[in-house]
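Enquirer: Take this structure, written in structure tokens, and hold onto it; I'll ask about it next.
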Amino acid sequence: GQVQLESGAGALEFTADRLPILQRSDRWMLLSGKGQAESGWTHLNLQAGFAVDAGYIEFAESLPPSLSDDVVLVEHDSGAKEGGLRVTADVSVDLGERLYLSAMGLDTRLTGGLQIRMRDGQPMTATGSVATRDGRFQGYGQNLTIERGLVNFQGPLDNPGLNIVALRKGLPVEAGISVGGNARRPQVKLVSNPDVPDPEKLSWIVLGRAPS
């Protein structure tokens, strides 16, 4: 591409072929794709499409420290911000078939795709869904099989909808957990097939037998 030094106006095109955007022993990822950008000294307009060739992401078993719900952070604005780069972006991401996640008891392959949008002064949004494949989850001291694992994005990137069911398989009563709602307010409940009372569901999950 090219950029005019006098005005900053530029037009760029780029292509990525198995680009390593993460290169750690516990987190690595290769991307391929292409896109274009129109730029100036104060703005950047980006359109691109990427596909994950392969990747592995591992997180610690415990959640990082966080503030209590009753703590409120207030950002002090000392005045209007001058300068800076205004970014507008439309980026599609195809997760492909070889992206693996290991995090807090969850081991699975991820598939699906997202359309990510960024507008100046607005939070990043996403449209699309991510699904688990051949996933397992460690819960209640057992390895649960993920029967359904969908994370649906339709708005803010940090608050997707959840549609997850994980069961302890191979028993007369296959019991487990269901997670619905969204990331900020998840709704967790016990489920089983066939349906039995909650104390019995818990017994089948933990002990592998009925309470009697």
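The values are calculated or read from the model by the stated rules, or taken from the named source; none is laboratory data. Computed from a prediction, not measured in an experiment: that's the story for all the values here. Cβ atoms come from the backbone with ideal geometry, glycine included; neighbour counts cover every protein chain shown. Protein only, heavy atoms only, side chains kept; ligands, DNA and RNA dropped before computing areas. Shrake-Rupley method; radii C 1.70, N 1.55, O 1.52, S 1.80 Å.
Per-residue answers, yes or no, for (1) more than 25 Å from Ser203 (Cβ to Cβ); (2) at pLDDT 95 or above; (3) in a strand (DSSP E or B):
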| site | (1), (2), (3) |
| --- | --- |
| Ala80 | yes, no, no |
| Leu114 | yes, yes, yes |
| Asp120 | yes, no, no |
| Thr132 | yes, yes, yes |
| Thr145 | no, yes, yes |
| Leu150 | yes, yes, yes |
| Phe153 | yes, yes, yes |
| Ile177 | no, no, yes |
| Arg184 | yes, no, no |
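Enquirer: Among (1) more than 30 Å from Ile116 (Cα to Cα); (2) of a type outside the set (S, T, N, Q); (3) buried (at least 18 other Cβ atoms within 10 Å of the Cβ); (4) in contact (Cβ under 8 Å) with a residue 24 or more places away in the chain, there is one condition Leu162 misses while meeting the rest; what is its number?
Expert: (1)
Enquirer: Could you tell me whether the range 2-15 includes any residue that is open to solvent by 40 Å² or more (accessible area, probe 1.4 Å), in contact (Cβ under 8 Å) with a residue 40 or more places away in the chain and either within 30 Å of Arg148 (Cβ to Cβ) or among the polar types (S, T, N, Q) (or both)?
Expert: So far as the range 2-15 goes, no, none of its residues is open to solvent by 40 Å² or more (accessible area, probe 1.4 Å), in contact (Cβ under 8 Å) with a residue 40 or more places away in the chain and either within 30 Å of Arg148 (Cβ to Cβ) or among the polar types (S, T, N, Q) (or both).
Enquirer: Have a look at Leu31, Leu19, Leu46 and point out the one that is open to solvent by 70 Å² or more (accessible area, probe 1.4 Å), at pLDDT 95 or above and out of contact with any Pro (no Cβ under 6 Å at 6 or more places or on another chain). Quick ask: steps written out before the conclusion?
Expert: Values: Leu31 fails: open to solvent by 70 Å² or more (accessible area, probe 1.4 Å); Leu46 fails: open to solvent by 70 Å² or more (accessible area, probe 1.4 Å).
Answer to the check: Leu19.
Enquirer: Is there any pair with a first residue in the range 194-205 that is assigned to a helix (DSSP H, G or I) and a second that is aromatic (Phe, Trp, Tyr) whose Cβ atoms are under 8 Å apart and which are 6 or more apart or on different chains, and what are they?
Expert: Sorted first by the residue in the range 194-205, then by its partner, the pairs are Leu202/Tyr140; Ile205/Tyr140.
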